[in-house]
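The structure under discussion appears below in the form of structure tokens.
Bear in mind these aren't lab numbers, they're just calculated from the coordinates by the rules spelled out. Keep in mind the model is a prediction, meaning the values are calculated, not measured. Backbone-built Cβ (ideal geometry, glycine too); neighbour counts: all protein chains shown.
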Amino acid sequence: MVLEYRLRDEIAPEDLNALVSSSWEKPWVGNWSAILSRSLTWVTAHEDRRLVGFVHVAWDGGAHAFLLDPTVHPSMRRKGIGTTLVRMATQSARESGAEWLHVDYEPHLEPFYAGCGFGPTKAGLIRLASPM
């Protein structure tokens, strides 16, 4: 297996939608071109030419950045790809001048994020849309 990681690489929206659809329980097919045009950075992982991993970082234009949508194809999990994606995104956000990197996650993912260097914090959340 030869993996290649790319920072801010051009991604075909259909490839990203296919990755998300294969990886998430309730996939969301979105306008990734619009989303990435407003992102601070993103990192992709490729096996040969196939997109197998993705994460992006949104930001407030200042000190705060937000890690979003870390995704690894189910057939490629448990190989360190997600950790590498997050660490590269973290470094890129740091180099871009962000002072804080936030992430929200479900409790069962705490060991993964702790292994990536995130500490626990309290946060609040309001659901703005009704459940689908």
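Filter region 1-40 for residues that are in a helix (DSSP H, G or I), of a type in the set (A, V, I, L, M, F, W, C) and surrounded by 12 or more Cβ atoms within 10 Å (Cβ to Cβ) and give the result. Don't jump to the end; show me each part of the working.
First, the residues of region 1-40 that are in a helix (DSSP H, G or I): 13-23, 32-37.
Those still in the list that are of a type in the set (A, V, I, L, M, F, W, C) too: 16, 18-20, 32, 34-36.
Passing the criteria: LEU16, ALA18, LEU19, VAL20, TRP32, ILE35, LEU36.
Any idea how many residues of region 98-112 are touching a residue at least 24 places away in the same chain (Cβ under 8 Å) and either in contact with a Lys or Arg (Cβ under 8 Å, 6 or more places away or on another chain) or not charged (D, E, K, R) (or both)? Reasoning before the result, please.
As a first pass, look at region 98-112 and keep what is touching a residue at least 24 places away in the same chain (Cβ under 8 Å): 98-103, 112.
Checking which are either in contact with a Lys or Arg (Cβ under 8 Å, 6 or more places away or on another chain) or not charged (D, E, K, R) (or both) leaves us with 98, 100-103, 112.
Result for region 98-112: 6.
So which of ASP69, ASP104 ends up being among the acidic types (Asp, Glu), over 19 Å from GLU4 (Cβ atoms), in a strand (DSSP E or B) and within 12 Å of the chain's Cα centre (by Cα)?
Values: ASP104 fails: in a strand (DSSP E or B).
Sole residue among the options that is among the acidic types (Asp, Glu), over 19 Å from GLU4 (Cβ atoms), in a strand (DSSP E or B) and within 12 Å of the chain's Cα centre (by Cα): ASP69.
Residues being under 17 Å from GLU47 (Cα atoms), β-branched (Val, Ile, Thr) and in contact with a helix residue (DSSP H, G or I) (Cβ under 9 Å, 6 or more places away or on another chain): count how many of those fall in region 67-99.
So the answer is 3.
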